[in-house]
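The structure appears right after this line, and notes come after that.
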Amino acid sequence: MRELLDLVLRRFRWFEPRRYGSASLSKTMDPKCLDLTPLVCHYEERKSLCVGARTDKDFIWFSPSCRDDPPYVGEISWMTSVVSSTKASWRAAHVTQTVELMRLVQSPLALAGLETDFEGKQRRLIHKSTPTKEGQEFTSSTHVSTVRGYGEGLSGLFWRNFYGPPFVRMFGPRLDALLPGSRVAFGEDIVLVQPYDLPTAAGTEAGVAREREFISLLGPECFYDHEHHRLPTRRPEVVS
């Protein structure tokens, strides 16, 4: 954890850290004298850690997989303003930094895109009607995951999709069907698939069309079927 925090807060400088905690960012820190020890201790004690900037525009969340969770659901989530992606230098740095971070924590998957796009593809709203004693119906709604982790396959395509070894093996030669500009290989272990230039294209007519085109080339069976609410039938072989 110390190496990871040093990477994102000191070397990458994703944002200026001011607060940290778990459920609430109640603890403060001095960014001019950055001491990582309290953050590491908090993570070891709580098994989770959120570090935020002065405002909620920037924060990073470390959440490992718990004992009772489905396999492969731990994650590192970084939130920032979409305005950052309009700068070519930021987009270039984001690619190299994400690849380095994946290799450090040995993650086989990293995704980047709009928060609304993640919400729409990774979760769905379920409505349930329950009869009452008075003969009426009580309707409740709840959100459920489309896929509970990458072990169940992929929930969809996003702006940037970094696929590690299990997914590179799963897609195989199908990755070569994508145009070179939308597919970038980093050695033999990580491939970036990017259907459109900017994350703001997600949800647009052109963006949705590109996602469908890419999914048809990579294999629809590898992705969640949002029309029929069916799990992927082809999944990566993940070695624990």
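The values are calculated or read from the model by the stated rules, or taken from the named source; none is laboratory data. All values reported here derive from a predicted model rather than from experimental measurement. Cβ coordinates were reconstructed from backbone atoms using ideal geometry, including for glycine residues, and neighbour counts include every protein chain displayed. The protein model used for the area step is the full one, side chains on, heavy atoms only, and it has no ligands, DNA or RNA in it. Shrake-Rupley method; radii C 1.70, N 1.55, O 1.52, S 1.80 Å.
Data for the structure
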item: Leading residue at positive end of dipole, the chain (Cβ point charges), from Ala202, Val40, Val99; result: Val40
item: Helix-only CD estimate at 222 nm, as mean residue ellipticity for the chain, using -39500 (n - 2.57) per DSSP H run (n ≥ 4); result: -7500 deg cm²/dmol
item: Where the chain is the region considered: accessible area per residue in Å², 1.4 Å probe; result: 59
item: Residues of type lysines that Lys57 reaches as a straight line, Cα spacing below 30 Å, ignoring anything fewer than 8 places off in the same chain; result: Lys27, Lys32, Lys47, Lys87, Lys121
item: 18 Å cut-off, amide nitrogen to a point 7 angstrom out along Thr86 Cα→Cβ, residues in region 174-214; result: 197-202
item: Between region 192-232 and region 78-116, the Cα center-to-center distance that results, in Å; result: 19
item: Phi-based couplings in Hz for region 226-235 (Karplus 6.51, -1.76, 1.60; Gly and Pro marked x); result: 6, 6, 10, 6, 10, 5, x, 8, 10, 10
item: Coil-residue GluC sites (Glu not before Pro) of region 180-240, DSSP, other Cβ within 10 Å capped at 12; result: Glu188, Glu227, Glu237
item: Choice from Arg103, Arg13, Arg160 with maximal GNM fluctuation in the chain (Cα, 10 Å cutoff); result: Arg13
item: Global form of region 138-207, assessed from the alpha-carbon gyration tensor, a/c cut-off 1.5; result: oblate
item: The chain - percent of accessible surface contributed by carbon and sulfur, probe 1.4 Å; result: 51
item: Sequence of Ser145, Ser26, Ser85 when ordered by accessible area, the most exposed leading, probe 1.4 angstrom; result: Ser26, Ser145, Ser85
item: Nearest-10 value in Å² for the accessible area of Cys66, using the 1.4 Å probe; result: 80
item: Listed residues Pro166, Pro108, Pro31, most fluctuating in the chain (Gaussian network, C-alpha, under 10 Å); result: Pro31
item: Under-5 Å amide H pairs with Ser155, H placed in peptide plane, nonlocal only; result: Tyr224
item: Gaussian network model of the chain, Cα within-10 Å springs - most flexible of Leu125, Leu36, Leu114; result: Leu125
item: Of the DSSP H helices in the chain, those whose Cα atoms cover at least 18 Å axially and whose Kyte score averages -1.0 or more; result: 88-105, 205-218
item: Prolate/oblate/rounded label for the chain (Cα gyration tensor, a/c 1.5); result: oblate
item: Magnitude of the charge dipole, the chain, Cβ model with Lys/Arg +1 and Asp/Glu -1, debye to 20; result: 360
item: Other-chain or far-sequence residues with amide H under 5 Å of Arg123's (modelled H); result: Thr146
